[in-house]
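Undergrad: Okay, here's the structure, questions in a sec.
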Amino acid sequence: LTTTVANRDDARRLAGLVLQQALAACVQIQQIESHYRWDGALQHEAEWRLDCKTTAAALPALCGLLQHEHPYQVPQLTAQPLHASAAYGAWAQEQVAQP
């Protein structure tokens, strides 16, 4: 699952919450620049992207947590299925709480 926030502190706060609740095995944080349309005008802002490595079973709870804790009015919450190596997939499964 991927989301973005405006600053490093929010990114670290959300990553900590996600990991404390075992809703992802890993959260990667990267600084990016986003270009988008908001309220009819073109915008560009520095943002921080969080890539949360999770399981399909934990995805609804992860989305719920991020929706509740996110500082944005309309947060980006996008998910896409990925295929991992057997060893990495097994490690991730062990790290994520199963509902």
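Undergrad: Provide Rg over Rh for the stretch 33-99; use the alpha carbon set for both Rg and the Kirkwood Rh (inverse mean inverse pair distance).
TA: 1.07
Undergrad: GNM, the chain, Cα, under 10 Å: largest mean-square fluctuation among ALA11, ALA58, ALA84?
TA: ALA84
Undergrad: Then there's this: Hey, any idea what % of the stretch 1-80's accessible area is carbon plus sulfur with a 1.4 Å probe?
TA: After summing per-atom areas, the C and S share lands at 48 percent.
Undergrad: Would you please put 21-30, 72-81 in order of how densely packed they are, using the mean number of other Cβ atoms within 10 angstrom per residue and starting with the highest?
TA: 21-30, 72-81
Undergrad: In addition: Let's test this: bin the Cα-Cα distances of the stretch 1-64 at 5 Å from zero up to the farthest pair and state each bin's percent.
TA: In order of increasing distance, the bins hold 4, 18, 26, 20, 13, 11, 6, 2 percent.
Undergrad: So with the 1.4 Å probe, I'd like the accessible area per residue for the chain, rounded to whole Å².
TA: Result: 65 Å² per residue.
The values are calculated or read from the model by the stated rules, or taken from the named source; none is laboratory data. The structure displayed is predicted, hence computed values, not measured ones. Because the Cβ atoms are built from the backbone with ideal geometry, glycine has one as well, and the counts that use them run over all protein chains shown. Protein only, heavy atoms only, side chains kept; ligands, DNA and RNA dropped before computing areas. Shrake-Rupley method; radii C 1.70, N 1.55, O 1.52, S 1.80 Å.
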